[in-house]
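The structure appears below as structure tokens.
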Protein chains: 2
Amino acid sequence: MHDDAQPDAAVDSSPGALTRARGFKAGATTAGIKESHLPDMGLLASETVAAAAAVFTSNALWAAPLIVDAEHVADGRIQTVLVNSGNANAATGERGLTDARRMAEIAAARAGCGADEAFVLSTGVIGQYLPMDLIEAGANAITPTAGGGAAFARAIMTTDTFPKEASQRFEAHGRSYTIGGCAKGAGMIHPNMATMLAFLTTDAPVEAPILRAQLREACDRTFNMISVDGDTSTNDTVLLLANGAGGGPPIADAAAVNPFAMALEAVCRKLAIDIARDGEGATKLIVMEVGSAASVGEAQAVARSVVRSPLLKAALSKGDPNWGRVLMAAGNAGVRIDPSRCRLAIGERTLFARGEPTGVPEAQAAEAVTGTVVRIRLELGRGEAAATAWGCDLTEEYVRFNADYVT
Amino acid sequence: MHDDAQPDAAVDSSPGALTRARGFKAGATTAGIKESHLPDMGLLASETVAAAAAVFTSNALWAAPLIVDAEHVADGRIQTVLVNSGNANAATGERGLTDARRMAEIAAARAGCGADEAFVLSTGVIGQYLPMDLIEAGANAITPTAGGGAAFARAIMTTDTFPKEASQRFEAHGRSYTIGGCAKGAGMIHPNMATMLAFLTTDAPVEAPILRAQLREACDRTFNMISVDGDTSTNDTVLLLANGAGGGPPIADAAAVNPFAMALEAVCRKLAIDIARDGEGATKLIVMEVGSAASVGEAQAVARSVVRSPLLKAALSKGDPNWGRVLMAAGNAGVRIDPSRCRLAIGERTLFARGEPTGVPEAQAAEAVTGTVVRIRLELGRGEAAATAWGCDLTEEYVRFNADYVT
């Protein structure tokens, strides 16, 4: 059972995860794009061209870098990544596209690869043009190192309060490999990639078609199951690079793909949970488990509907075990739920069963929501499928924050 | 052009709209269900059995009264309505159903009609059983009168800050008729019927099949186009009664149905806009117009996506004309928007066109969001269809409110 708020025992969340796999270097700098004068550019480079797969936002309005990246990653080959925070290069039209292409050329020049082997990302304010002089000077100021993953993880932060890093080792064909990465999140996080960037690296030899399939599957169960505020940004991207620096034959058969896929999902899950936990203004992580659903898709729909309910999120922020709002939100998922077959528990207390309240006194129910993790479990009584979604509470701080912060 | 924040000139929003049509009486009382000791029960009765149509919540978990009402309204005949606030009779299982049936019997006894000609509704806290002794005593304490519409409108309020009432006259077959009603809203309002109740009456002779079709259409363009917080409740219902007390032949041909339909929509629009304006903690009404869409459905999807964006709603609460968040939210509607064909205006200022910002200084743009009505217009450049949605800003007060109020 991994679908919970506890990091998997085997996941290493110490700093530097992005460059823990062999053959990757990274670095960061303060280019001056953010007004805060905090680090705002990161550069990642593989020693050799890596197999690559990416998942992009479901928002119809893609920011300029995503349009360029989709072209560059189409052949499954990427060697370097240049990213800036402080400016999203979104809603910037033709000039934004030109700037994104130029940013790829700058990155490629640093890595000694072709521009179409460079991947670029931007996050921050929408509707302003990139300061290309700062971007170019910043990229040239970075010297990637094998220990640079931690600096990269900090440089991509916007409203995050802590960097998100995770790595895990796995074995295949008798060899040991590492998969690791970092992510940024905070506001606007919602299923299907909100202003969320995640960068993943592995030294395992995995070719692009398998990378794509496994990354999509891992994202569907992790990054696409978190919600901070129900909005999905124009820039969200998850990138996975496999450079094969760990040697050995390609990871292609089930016996080798399975440990790779499990490690990939564990890393993605840890990063995703940390994003939910660090939602703007959040004080509680909500872990919403849906069981005995007729299908995984239906379980996911119900779990996501609950973690995005503003009414429930506001109640939990003040320690109110408002199970009625859980049911209400579950009922909005487009699934034909029969309340007489449902069972709902918050923490260890079953509060609703067979269509009726169980009569647990509110003071007892409230104990389950006092901590920083609130675990809710809803059984639908429809089948065998299950899913978990993660979210956070909604506080006055969130509103203050988003009223004052210009994105 | 009626799709805006200005009430239609012909709509009368003075108190008493529910009983303005001939042959309807209403009244209210303080039964003691609400802790506040404010009025919490209302009774509406038609002199004769009326043709009836209802639209119920899209939430899969219907509260008990809706299950009973759907049975009673199936034959298109209702004579009386009994409603309480303070307790939603939702998530109450078999006992809740029994209570709702008993409530219908109580109403029918007062009106001298069959129990299956009574319609009952409850709104308030979820998961608690109805205090049937208070319900029965309350119903018996009400004496409906022809001027009782205003008292009824106040008795259905929960977190509303003002009663919502509207009526309009229309002519058909050379006769003059009235359609009027009242609604309650405030929290949990979202397209497809949130904790929203609306009661509509007309003295026009309209049979149930036409009532049903016209009510569905009016709801799709009004009540289903408002959003306060994106949640949809278990209890939302719109009921329309036509008792024919105005005389004349049945309203059935287009020449008679059209003026009826227009008046119905005008009344629904006024009530819906007032619900959006009175969202919990709201300080601004958002009027989101989408134009040049490929279909009405697509225009509605985009408009609704924008008015439900927490990020945009938080920005507007502080007077930030954040057009980037409008675009982001529009991009989440599942419509393939091409930004190079879009034009976005807030108030009179076009802020984004042909894929790029127009460069209007922020101070000028901010002028358009200083008032209590913020009008946003997005042209998609895809076709001829249009739609309008209404919402409200998201304030710290909303969070405070929903963290403290137990529903």
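Here, each number is a calculation from the coordinates, and none is a lab measurement. In this text, all values refer to a predicted model and were calculated from it rather than measured experimentally. No Cβ is skipped: glycine too gets one built from the backbone with ideal geometry, and neighbour counts run over all protein chains shown.
Once R0 is set to 41 Å, what does the formula 1/(1 + (r/R0)^6) return for the Cβ-Cβ distance between B:Glu35 and B:Ala255, expressed as a FRET efficiency to the nearest 0.05?
My answer for the efficiency is 0.20.
Between A:Cys342 and residues 5 or more places away or on another chain, which pairs have amide H atoms under 5 Å apart, with H built 1.01 Å from N, and which residues are they?
When sequence neighbours closer than 5 places are left aside, the close amide H contacts are A:Arg354, A:Gly355.
Through the Karplus equation 6.51 cos²θ - 1.76 cosθ + 1.60, θ set to phi - 60°, convert the phi angles of segment A:33-39 into ³J(HN,Hα) values in whole Hz; use x for Gly and Pro.
7, 6, 5, 6, 6, 9, x
Given R₀ = 41 Å, what would the calculated FRET efficiency be for B:Val296 paired with B:Thr350, taking r from the Cβ atoms and rounding to 0.05?
0.95
Go through A:312-320, A:295-303 and give me the packing order, highest mean Cβ count within 10 Å leading.
Top to bottom by mean Cβ count within 10 Å: A:312-320, A:295-303.
Under a straight-distance cross-link criterion of Cα-Cα below 13 Å, which aspartates and glutamates are reachable from A:Lys25, leaving out those fewer than 8 residues away in the same chain?
By straight Cα distance, A:Lys25 reaches A:Glu47, A:Asp203.
Give me the percent relative contact order of chain B, please, defined on Cα pairs under 8 angstrom at least 6 residues apart.
18 percent
Checking the table B:Lys184/B:Lys270; A:Lys284/B:Lys313; B:Lys284/B:Lys318; A:Lys313/B:Lys34; A:Lys184/B:Lys318; A:Lys313/B:Lys313 against a 20 Å threshold on Cα-Cα, which pairs fail?
Distance filter (> 20 Å) returns A:Lys284/B:Lys313; A:Lys313/B:Lys34; A:Lys184/B:Lys318.
From the backbone phi of segment B:248-262, what are the Karplus-calculated ³J(HN,Hα) couplings (6.51 cos²θ - 1.76 cosθ + 1.60, θ = phi - 60°) in whole Hz, Gly and Pro given as x?
Once rounded to whole Hz, the list reads x, x, x, 7, 9, 8, 4, 4, 9, 5, 4, x, 4, 5, 5.
Please name which of B:Ile106, B:Gly181, B:Ala255 has its Cα lying farthest along the dipole of chain B towards the positive end, using unit charges on Cβ (Lys, Arg +1; Asp, Glu -1) and the Cα centre as origin.
B:Ala255
Return the average number of partner chain Cβ atoms within 10 angstrom of each residue Cβ along peptide B:234-242.
For this peptide, the per-residue mean of nearby foreign Cβ atoms is 1.
When a/c is below 1.5 the answer is rounded, else prolate if a/b is larger than b/c, else oblate, so apply that to segment A:291-337 with a ≥ b ≥ c taken from the square roots of the Cα gyration tensor eigenvalues.
prolate
Would you compute, from DSSP H runs of 4+ residues alone, the mean residue ellipticity of chain A at 222 nm, taking -39500 (n - 2.57) per run and dividing by the full residue count, rounded to the nearest 500?
Here the helix-only value at 222 nm equals -9500 deg cm²/dmol.
Provide an ascending nm list, one decimal, of label-point separations from B:Glu384 to the equivalent residue in each further copy; define each label point as 7 Å from Cα along Cα→Cβ.
Distances between equivalent label points, in nm: 5.4.
To the nearest whole number, what is the average tally of beta carbon atoms from other chains within 10 Å of the beta carbons of peptide A:317-327?
If you average over the peptide's residues, the count of other-chain Cβ atoms is 5.
Using the 7 Å Cα-to-Cβ label point, sort the distances from A:Glu362 to its equivalents in the other copies shortest first and give them in nm to one decimal.
Result for A:Glu362, in nm, nearest copy first: 4.3.
If each label sits 7 angstrom from Cα along the C-beta direction, how far apart, in nm, is A:Ile67 from its counterparts in the other copies?
So the label point of A:Ile67 gives 5.3 nm to the other copies.
Need the list of aspartates and glutamates near A:Lys164 for cross-linking: C-alpha distance under 13 angstrom, and skip anything on the same chain fewer than eight residues off.
By straight Cα distance, A:Lys164 reaches A:Asp12, A:Asp274, A:Asp278.
From the backbone phi of segment A:286-299, what are the Karplus-calculated ³J(HN,Hα) couplings (6.51 cos²θ - 1.76 cosθ + 1.60, θ = phi - 60°) in whole Hz, Gly and Pro given as x?
9, 10, 10, 9, 10, x, 6, 8, 6, 7, 4, x, 5, 4
Using amide H atoms built in the peptide plane, which far-off residues or other-chain residues are under 5 Å from A:Gly32 H to H?
Those lying under 5 Å, H to H, from A:Gly32 are A:Asp40.
Please say if the protein assembly as shown is rounded, prolate or oblate, where rounded means a/c under 1.5 for a ≥ b ≥ c the square roots of the C-alpha gyration tensor eigenvalues, and otherwise the choice is prolate for a/b larger than b/c and oblate otherwise?
Prolate is the answer for the protein assembly as shown, as a/c is 1.5 or above and a/b outweighs b/c.
On the rotation axis linking copies B and A, which residue of B comes nearest by its Cβ, and by how many whole Å?
B:Glu396, 2
Let me make sure I get this right: for segment B:291-404, a, b and c are the square roots of the gyration tensor eigenvalues over alpha carbons, sorted descending. Under 1.5 in a/c it's rounded, otherwise prolate if a/b > b/c, else oblate. Which is it?
oblate
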